[in-house]
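Engineer: Below is a structure I'd like to ask you about.
The values are calculated or read from the model by the stated rules, or taken from the named source; none is laboratory data. Predicted model only: the values in this text are computed from it and were never measured. Cβ: placed from backbone, ideal geometry, glycine included. Neighbour counts: every protein chain shown.
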């Protein structure tokens, strides 16, 4: 017999309870209640340096976030011109007009897509169109440096020369540019380094035509270890002498062996970040400074970054040495 449906209040209560439990479960498991809506901090220390008549070099300090920084966005006026990953805090903006005023700012972006407030707007004027300039600058000379505690270092060098004029100096670590300063500065303070780490730095001069000089001499620095951290096991003083035997280049490597509490039976040698060979001594391991000859059949002008690490008495591999760059030349 048809009639008015029977109400079942207990079923409505059960459904409401289930919904509440589901919402609680979603919240506990990182559902919408845990969505990341907080903006990263605003990048500070933004600088813009005219590298040439058509390019500007922009740098900034790292931002922070309650989760993680995913990258940075660089703006010219209000237009985004570059996006870079979180590991980069400098970029060249090219394709600009000579003798023209521009402004730049930077925003941080987190892994949830939240953008920080724009940084302070920095003005810059590109350089005038340079006269014909066919010669690169000379290499900066007498590069020296010292570690400042566990996370910073200071470099100084002698000025380079150019037939038209040096516009900036670029600092490289393991063949990657990490900092730039104007031409009237011959010193740089580097921050954000890792404790207890060996670094190799070089400097190149750049002119208004964006031509770069050869590398300066290399300098190796080791930052102080973090409190309570074990002593470094990295080889130090890695040097390379380039020679020629027939059609092949010879690279004579030498280095000071680390203190490990015992003899070092082997080393791993890396070129451009890839394991190339394991050096195993044919007799008793050497004491003091060690050496090894590497033969390469690459054409002149080929560049390699070189690093190595020791096999420790307990069988583990130790810390990597500094990573100088070598250029195969007659």
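Engineer: When you check residue 155 against the structure, is it surrounded by 14 or more Cβ atoms within 10 Å (Cβ to Cβ), more than 22 Å from residue 88 (Cβ to Cβ) and either at pLDDT 90 or above or within 22 Å of the chain's Cα centre (by Cα) (or both), yes or no?
Structural biologist: no
Engineer: Also, I was wondering about something else. Is it true that some residue in region 303-315 is more than 24 Å from residue 243 (Cβ to Cβ), without any contact (Cβ under 8 Å) to a residue 24 or more places away in the chain and either assigned by TED's automatic domain parsing to the domain that holds residue 201 or surrounded by fewer than 17 Cβ atoms within 10 Å (Cβ to Cβ) (or both)?
Structural biologist: Checking region 303-315: at least one residue is more than 24 Å from residue 243 (Cβ to Cβ), without any contact (Cβ under 8 Å) to a residue 24 or more places away in the chain and either assigned by TED's automatic domain parsing to the domain that holds residue 201 or surrounded by fewer than 17 Cβ atoms within 10 Å (Cβ to Cβ) (or both).
Engineer: Ok, one more. In region 162-174, which residue that is outside any strand (DSSP E or B) and buried (at least 16 other Cβ atoms within 10 Å of the Cβ) is nearest to the chain's Cα centre (by Cα)?
Structural biologist: Among those residues, the one meeting the criterion is 174.
Engineer: Mind listing whichever residues of region 263-275 are farther than 13 Å from residue 325 by Cα and touching a residue at least 12 places away in the same chain (Cβ under 8 Å)?
Structural biologist: Answer for region 263-275, where residues must be farther than 13 Å from residue 325 by Cα and touching a residue at least 12 places away in the same chain (Cβ under 8 Å): 263, 264, 265, 266, 267, 268, 269.
Engineer: Which of the strands (runs of 3 or more DSSP E) found entirely inside region 40-123 contain at least 1 residues meeting this: closer than 24 Å to residue 183 by Cα?
Structural biologist: In region 40-123, 47-50, 56-59, 69-76, 90-93, 101-110 are the strands (runs of 3 or more DSSP E) which contain 1 or more residues that are closer than 24 Å to residue 183 by Cα.
For (1) out of contact with any helix residue (DSSP H, G or I) (no Cβ under 9 Å at 6 or more places or on another chain); (2) farther than 13 Å from residue 50 by Cβ; (3) free of Cβ contacts under 8 Å to residues at least 24 places away in the same chain, each residue gets a yes or a no:
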| residue | (1), (2), (3) |
| --- | --- |
| 87 | yes, yes, yes |
| 92 | yes, no, no |
| 96 | yes, no, no |
| 104 | yes, no, no |
| 107 | yes, yes, no |
| 112 | yes, yes, no |
| 120 | yes, yes, no |
| 128 | yes, no, no |
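Engineer: Continuing with the same structure: Looking at 150, 119, can you tell me which residue is under 24 Å from residue 75 (Cα atoms) and either within 19 Å of the chain's Cα centre (by Cα) or surrounded by 14 or more Cβ atoms within 10 Å (Cβ to Cβ) (or both)?
Structural biologist: 119
Engineer: Only residues that are at pLDDT 90 or above and not in a strand (DSSP E or B): list them for region 185-194, please.
Structural biologist: 185, 186
Engineer: So how many residues does region 305-318 have that are at pLDDT below 90 and under 21 Å from the mean Cα position of the chain (by Cα)?
Structural biologist: 1
Engineer: Being more than 16 Å from residue 59 (Cβ to Cβ) and loosely packed, with under 12 Cβ neighbours inside 10 Å is the filter here, so list the residues in region 76-98 that pass it.
Structural biologist: Correct list: 77, 78, 79, 80, 95, 97.
Engineer: Would you confirm whether any residue within region 53-64 is more than 23 Å from the chain's Cα centre (by Cα) and modelled with pLDDT under 90?
Structural biologist: Taking every residue of region 53-64 in turn, at least one turns out to be more than 23 Å from the chain's Cα centre (by Cα) and modelled with pLDDT under 90.
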